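A short write-up of the structure that comes next.
The values are calculated or read from the model by the stated rules, or taken from the named source; none is laboratory data. Just so we're clear, the structure is a prediction, and the values are computed from it rather than from any experiment. Backbone-built Cβ (ideal geometry, glycine too); neighbour counts: all protein chains shown. Just the protein is used for accessible areas: all its heavy atoms, side chains included, with ligands, DNA and RNA removed. Shrake-Rupley method; radii C 1.70, N 1.55, O 1.52, S 1.80 Å.
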Amino acid sequence: MFVYADNAATTKPCKAATEVVNEFNEKYYGNPSSLHTVGQIAKEKLEEARAVMAKYLNAEPGEIYFTSGGSEADNQAVFCAITSAAAIGARKGKKHIVSTKFEHHAVLHTLEKLEKQGFEVTLVDVNRNGIVKVEDIEKAIRPDTCLVTVMFANNKIGTIQPIKEIGALCKEKKIIFHTDAVQAAGHLKIDVKDMNIDMLSLSGHKFHGPKGVGVLYCRKGVYLQPLIEGGAQEKNKRAGTENLPAIAGMAKAFEIANENLEEYTVKVSALRDKLIRELSKIPHSVVNGDTENRVPNNVNICFEGIEGESLLLLLDENGICASSGSACTSGSLDPSHVLLAIGLPHEVAHGSLRLSLSLENTEEEIDHIIKVVPEVVAYLRKISPVWDELEKGERKHVI
């Protein structure tokens, strides 16, 4: 049996989105910046897609900027000198930014660049359950804070952060609030107005849209400078001819995801909970992150005494596609910074497994995972010298 359970890394494009991409490649190939009829028809289609994205975020179409994906959107939202929040802050003498220790590297690496340019960054600790406390964000805020950036849902352990409360705090203190919603968009209800979100990043391929396309929402009144220079596209904020087929495909996928959100939540949450319930029966294992306050499709669990890389390879041999963390860092042998941030010991964090589901997954597939994972874990422990030492009492079990 084949089971694709790595939807947090990327999703299979849905049929409707693929059909839209193909249709647009055939019919609407004009450049939206061209003044002739073919170009202006493409422009109309571009604005229709913008309106769809705005509708399901409860934003205004003019607040939607198309990007190449979530990483670019994160960079543009945060990066100094040529971006919004940091640039405003610098002009006002405010050069302090608040974030968390378990953000995506698209944010963390950008913050490192900001520090080299004279900004100060405070990374707030995260609880063992993988949820940041609003009061800790408030304590980290200073008079010179210009930006708070906290992800909506964590990409590795799936925990949902108190975005509305953080947004309200930032609004009260007149600080720009950005959230990386790459793992939340299409999986959770998002209302940028109700949640007081000033900037938001999302990526099409996380909700069955095409790869290479995303959105940066930027609230009207927030100053936004381009990350890419060279043209007047996207209201002079993102140069480069728009990838209209991908944009239209993303809009269709986003529409479908939001219209089917209730069905998705009920079905996928049930599959998730079954996996958590059964896999947590494996001795010396621990589920990472809050078991309830998490996106419907995420399961993250560690097994003591094994290596995550070996686990993934053997699962793949048994037809199961999974992950030990973010696909962006899968080539690294270091344990996930997210798991370390929530307090897991280095040796335990190495044995992590992330299973991320979609509406296409079935009960039979979940049963296959439940059958195979304990067998693979038992095999790896049998050949592990570390597990042998644990069983002999030469080392103490951490879990």
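Things worth noting here:
- Selected from H105, H187, H208 as most flexible by GNM, with the chain as the system and alpha-carbon contacts under 10 Å: H105
- For segment 59-172, fraction of C-alpha pairs farther apart than 22 Å, in %: 32 percent
- Per-q log10 I(q)/I(0), segment 197-288, q = 0.17, 0.19, 0.21, 0.23 Å⁻¹ (Debye; single scatterer per alpha-carbon; no solvent): -0.88, -0.98, -1.08, -1.18
- Solvent-accessible area, 1.4 Å probe, carbon plus sulfur percent, for segment 216-304: 49 percent
- In this structure the amide hydrogen of T67, modeled in the peptide plane, comes within under 5 Å of the amide hydrogens of G214, V215, L216, none closer than 5 places in sequence on its chain.
- Top of R294, R50, R277 by mean-square fluctuation, Gaussian network on the chain, Cα under 10 Å: R277
- Of the beta bridges in the chain, as assigned by DSSP with both residues counted there, near 55 percent are antiparallel.
- C-alpha center-to-center spacing [segment 142-213, segment 58-73] in angstrom: 12 Å
- Sparsely packed loop sites in segment 212-267 (the trypsin sites (Lys or Arg not before Pro) outside DSSP H, G, I, E and B with at most 11 other Cβ atoms within 10 Å) comprise K220.
- Scaled radius of gyration (Cα, divided by 2.2 N^0.38 Å) that segment 1-76 gives: 1.37
- Across segment 1-142, Cα-Cα distances exceeding 20 Å account for 67% of all pairs.
- Cα centre as origin, Lys/Arg/Asp/Glu Cβ charges: segment 148-218 dipole, Debye: 100 debye
- Take each peptide in 178-184, 336-342, 57-63, count the other Cβ atoms within 10 Å of every residue, and average; sorted highest first, the result is 178-184, 336-342, 57-63.
- For segment 105-149, the mean projected area of the C-alpha convex hull, equal to one quarter of the hull surface, is 3.6 nm².
- Among 358-365, 69-76, 373-380, the peptide with the highest mean count of other Cβ atoms within 10 Å heads the list, and the full ranking is 69-76, 373-380, 358-365.
- A Cβ-based charge dipole, computed about the Cα centre of the chain with Lys and Arg at +1 and Asp and Glu at -1, lands at about 1220 debye.
- Calculation over all alpha carbon pairs of segment 248-399 in 10 angstrom steps from 0 returns a P(r) of 10, 38, 34, 14, 3, 1 percent.
- Local electrostatic count at L271 - Lys and Arg +1, Asp and Glu -1, tallied over other residues with Cβ under 14 Å: -3
- Packing-based ranking of 29-37, 2-10 yields 2-10, 29-37, ordered from highest to lowest mean Cβ neighbour count within 10 Å.
- Relative to the longest principal axis of the Cα atoms of the chain, helix 363-382 runs at roughly 50 degrees.
- Helical content of the chain, expressed as a calculated mean residue ellipticity at 222 nm, amounts to -12500 deg cm²/dmol (DSSP H runs of 4 or more residues, -39,500 (n - 2.57) each, divided by residue number, nearest 500).
- The residues of the chain present an accessible area of 42 Å² per residue when probed at 1.4 Å with all protein chains retained.
- Charge dipole of segment 30-81 (Cα centre as origin; +1 on each Lys and Arg Cβ, -1 on each Asp and Glu Cβ, all else neutral): 140 debye, rounded to the nearest 20.
- The shape of segment 228-276 can be summarised by an equivalent ellipsoid whose semi-axes, obtained from the alpha carbon gyration tensor, come to 37, 12, 8 Å from longest to shortest.
- In the frame of its principal axes, the chain has Cα extents of 74, 52, 33 Å, reported largest first.
- Environment charge of V182, counting only residues whose C-beta is closer than 14 Å and scoring Lys/Arg +1, Asp/Glu -1: -1
- Since only L271, A232, I190 are under comparison, the one whose Cα sits farthest along the positive direction of the charge dipole of segment 166-271, derived from C-beta charges on Lys, Arg, Asp and Glu, is A232.
- Across all Cα pairs in segment 141-253, the calculated P(r) in 10 Å bins from zero up to the longest distance comes to 13, 39, 36, 12, 1 percent per bin.
- Principal axes of segment 136-200: Cα extent on each, largest first, Å: 35, 24, 15
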